[in-house]
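Read the structure below first, then the notes.
The values are calculated or read from the model by the stated rules, or taken from the named source; none is laboratory data. The structure presented is a predicted model; accordingly, all values stated were derived computationally and were not measured. Cβ atoms come from the backbone with ideal geometry, glycine included; neighbour counts cover every protein chain shown. For the accessible areas, the whole protein counts, side chains as well, though only heavy atoms, and no ligand, DNA or RNA atoms are used. Shrake-Rupley method; radii C 1.70, N 1.55, O 1.52, S 1.80 Å.
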Amino acid sequence: MHYHHRPHEGLRHPTMPKKALTPNQMWAALVAVAGYVPVPLTGSDYLELLPVRWQAITLAGITIHHRTYDHDLLAPYRGQASPVPGRGGKWEIHYNPHDVRQIWIRLTDGELTEIPWIHRDHVHQPFNDHTWQHIRTHAHHNNHDDSQQHEADLADALDQLMRRVHSGHATTTEQALLARATTLPIPAARHPHHATGPITGESTQHGEDDSIDALDDLPEADTRPAAAAGFGLYDAYEEADKW
């Protein structure tokens, strides 16, 4: 995610030939001259731009922070190494940090396929990893030998938290936890399949500064690639390293 903010020796501007520019700065300089045609993101585009992590597919599915993601589509790949070189046999996973009820995995057909959290049907509201860690911290693990039951207990505790917030009986901390997750744009949950249709939800429009007068000190908010501006994707990037 740091690629677009890191200077590259091959990126130079005619008026500043001695200074290496970042991809974002170069884009800002060129778009001021050539302009661009804004193209709305499709659902597939949104998924491709989500943060990425690499995970193994075990017999139980895919485990991230004590959450298990699984579907029958993973059956041929359980215990199998990914064909991607240099990743230690792990598979490419895309995720939305603001709604961790599902992930998307790139299988051998090259497409991103949605894999749900096994308890997604029990938790009907988006939540982020910060909320999940809060539940884990405050939950009592009565049976340390039964990880499946422990995960089910955590899902139930999360459901109870959401019910308390909905009924007005939650603490200020609990209300803030869910408010942080539910006020951000998220993709709608879909059943696992390869067709990723348009993502619904409100987008936030960001201003663009097309001038190169302050090219050296352009703030990150003004140097976002056109494909990512206004879709909450940089908010996701900022939390990507927390997973």
Output for segment 74-95, where each listed residue is in a strand (DSSP E or B) and without any contact (Cβ under 8 Å) to a residue 60 or more places away in the chain
Trp91, Glu92, Ile93, His94
Among the numbered criteria (1) modelled with pLDDT under 50; (2) surrounded by 13 or more Cβ atoms within 10 Å (Cβ to Cβ); (3) charged (D, E, K, R), which one does Glu202 miss?
(2)
Restrict the check to segment 55-73 and report whether at least one residue is free of Cβ contacts under 8 Å to residues at least 12 places away in the same chain and not in a strand (DSSP E or B).
yes
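Take Glu114 and decide whether it is buried (at least 19 other Cβ atoms within 10 Å of the Cβ) and of a type in the set (Asp, Glu).
Working: buried (at least 19 other Cβ atoms within 10 Å of the Cβ): yes; of a type in the set (Asp, Glu): yes.
When the stated conditions are applied, Glu114 passes them.
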Condition check for Ile105: touching a strand residue (DSSP E or B) at 6+ places or on another chain (Cβ under 6 Å), open to solvent by less than 20 Å² (accessible area, probe 1.4 Å) and either part of a loop (DSSP other than H, G, I, E, B) or in contact (Cβ under 8 Å) with a residue 12 or more places away in the chain (or both)
yes
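For segment 1-43, name all the residues that are closer than 30 Å to Ile64 by Cα and open to solvent by 50 Å² or more (accessible area, probe 1.4 Å). Step through it out loud before you land on a result.
Our first condition is that a residue be closer than 30 Å to Ile64 by Cα; within segment 1-43, this holds for 1-6, 41-43.
Listed by number, the residues that qualify are Met1, His2, Tyr3, His4, His5, Arg6, Thr42.
Only one of Arg136, Arg87, Arg106 is closer than 30 Å to Thr173 by Cα and of a type in the set (Lys, Arg); which?
Numbers: Arg87 fails: closer than 30 Å to Thr173 by Cα; Arg106 fails: closer than 30 Å to Thr173 by Cα.
Only one candidate qualifies: Arg136.
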When (1) modelled with pLDDT under 95; (2) assigned to a helix (DSSP H, G or I); (3) farther than 19 Å from Tyr3 by Cβ are applied to Pro40, the one that fails is (2)
Going through segment 44-59 in order, the residues found to be open to solvent by 40 Å² or more (accessible area, probe 1.4 Å) and modelled with pLDDT of 95 or more are Val52, Arg53, Trp54, Ala56, Thr58, Leu59
Hey, can you tell me all the residues within segment 1-21 that are modelled with pLDDT under 85 and charged (D, E, K, R)?
none
Is it the case, given these coordinates, that His124 is assigned to a helix (DSSP H, G or I) and open to solvent by 30 Å² or more (accessible area, probe 1.4 Å)?
no
Within segment 60-96, residues being open to solvent by less than 60 Å² (accessible area, probe 1.4 Å) and polar (S, T, N, Q) number 3
